[in-house]
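Have a look at the structure below before the remarks.
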Amino acid sequence: MCRCARIFARGGYGNDSRCEESHRSDYEIDKRIKHEDTKALTAALFAFVTLSNSQGFAYDNASVFTPGLLGAEILHEEKQDQILITNVHVFDGKNKERIMDANVLIEGTLIKEVSKKPIKAVNATVIDGGGRTLMPGMIDGHAHVMINDDFGPVERDMDLTDISYNAVIVMERFLMDGFTAVRDMGGPAFGLARAINSGRVVGPRLYPSGGFISQTSGHGDFRDRADPGFSIHDAGDLSNFERMGIGNVVDGVPEALKATRLNLRNGATQIKIMGGGGGSSRFDPIDTTQFSKDEICAIVEAAKDWGTYVAAHTFTDRAVDRLLDCGVKTFEHSFFISEETMQRIAKEGGYVVPQMWGISPDLARNPLMPKAKIPMVKALGEKFKDFGRNLLKNNVKVVFASDYVGKFEDAERARRYELWWRTQTFDSNFEVLKQLTSTAGEMLAMSGPRNPYSEGKLGVIEPGAYADLLLVDGNPLEDISVIGGTDKWFDAEPEWKPIETIRLIMLSGAIYKNTL
Ligand SMILES: [Zn+2]
């Protein structure tokens, strides 16, 4: 089978005529997917079922057909196939200077060669990059793909099927926005990861944490005053968040260990804990420190026993110090830490993973923010507005975070806004691109033996790295809008639309979008 893949989103993307000849029956199905916008999903599912029946659906064979909700499809190909991308300027994820007029050879799922000289590969499918920029697929270091509606509906009205069906759309749009890997920081995403890995759902590589782990009245305790379980007299009851596996409320070392080990048992690639108060929750003031040292150290030890690490939601020096004492590796948000604490994180090899919109003046317009917390959050945002610059000054490794959460149309707009706003707070497109690629890839590799994608590096363009690539019009080092960055947030178009300047999206050597 030839290496070919096509994407037919609404309005239609490009395709490869060679594939049409060699896969006529597939192409007939493609046409059914393409013909009407409103029937795209039904048709895609119909095609899926047809192929499942006629070919004997097998996840690991060479011709798995995977329709997405937008009509994205991929024909998985034999490993030895090669693709040669010529005539591109390569941003490799690490260096500020692009490798001009380069050629990149992909073999199977990995990058085989990057060269300024012509590469000889007689059987390769050649893609002329037309002088565009080739960059690594982007990585989101902190998202909640299963918390895909506002907290109210998720807590009161939804069950696992609601959030799971939403997640299928969420994941496909992540990929179509150019994200080829996502670290999920809390939510029941294990089944979703399995569905992606087996080709049943279209989406980026997913690193699930399982339900985040929080203490009573911590950042993950979503019970309302009227709920059973709010009082100590009936503490056995769960919030819907907990019931669905979005979070776990635990107290004491045995409960903390049990929640950690259950997540690991279910396939967590890292563990997420709530190490302090938050902005979007009602009963844990943002200045609070959460979990005792005993509890945190026990969780870190249990994660280490599985070869992986712990990520912590945190904002303050006091919380970060305690977390560092126990060996926590990634510090989410962390806006209010001092330079001294930043230096300690840098010295101990930690990462800070902040969604910078959290200290944007536009934050007050976020519908997820409880009204009562807005003045305080605004004041803190103003006070710590140099946070990004201070992280760089103190050599802290920083990873991109959208903190994707809530109604997915809102979260998607926040993600694109984050790309732009970050370039303002770190004063450099290059810095943000590094956070989106090589530094994020390095962080994901800390999952060690729990990393499901360990054949190659992520976030870089070099021999041996995964072929997770974007081909974009223009130069993102100078113009962040070419990868979707925008200064519009809640005033942006509510409807998700493809980013036209991202012309080609490749994940693991397979093409999911091609409008060349
Ligand atoms: Zn989060």
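The values are calculated or read from the model by the stated rules, or taken from the named source; none is laboratory data. As the structure is a computational prediction, the values presented were derived from the model and not from experiment. Here Cβ is always computed from backbone atoms with ideal geometry, including for glycine, and neighbour counts include all displayed protein chains.
See the values below:
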{"read-out": "Residue that is nearest to the ligand (Cβ to nearest atom), among those in the range 391-403 that are under 29 Å from Asp177 (Cβ atoms) and of a type outside the set (A, V, I, L, M, F, W, C)", "value": "Asp403"}
{"read-out": "Leading residue by the ranking (farthest from the chain's Cα centre (by Cα)) among those in the range 130-165 that are in a loop (DSSP other than H, G, I, E, B) and within 16 Å of the ligand (Cβ to nearest atom)", "value": "Asp150"}
{"read-out": "Some residue of the range 254-265 being assigned by TED's automatic domain parsing to the domain that holds Asn366, in contact with a Pro (Cβ under 9 Å, 6 or more places away or on another chain) and crowded, with 22+ Cβ neighbours inside 10 Å", "value": "yes"}
{"read-out": "Selection within the range 205-225 - within 24 Å of Ile139 (Cβ to Cβ) and of a type in the set (Ser, Thr, Tyr)", "value": "Tyr207, Ser209"}
{"read-out": "Qualifying residue in the range 389-402 (condition: in a helix (DSSP H, G or I) and surrounded by 20 or more Cβ atoms within 10 Å (Cβ to Cβ))", "value": "yes"}
{"read-out": "Considering residues of the range 94-129 that are farther than 24 Å from Gly474 by Cα and part of a strand (DSSP E or B) only, the residue nearest to the ligand (Cβ to nearest atom)", "value": "Leu110"}
{"read-out": "Lone qualifier among Gly229, Gly307, Gly279 - being more than 16 Å from the ligand (Cβ to nearest atom), within 28 Å of Asp159 (Cα to Cα), small (Gly, Ala, Ser) and assigned to a loop (DSSP other than H, G, I, E, B)", "value": "Gly229"}
{"read-out": "Options Pro285, Pro254; residue that is out of contact with any strand residue (DSSP E or B) (no Cβ under 7 Å at 6 or more places or on another chain) and within 11 Å of Gly218 (Cα to Cα)", "value": "Pro285"}
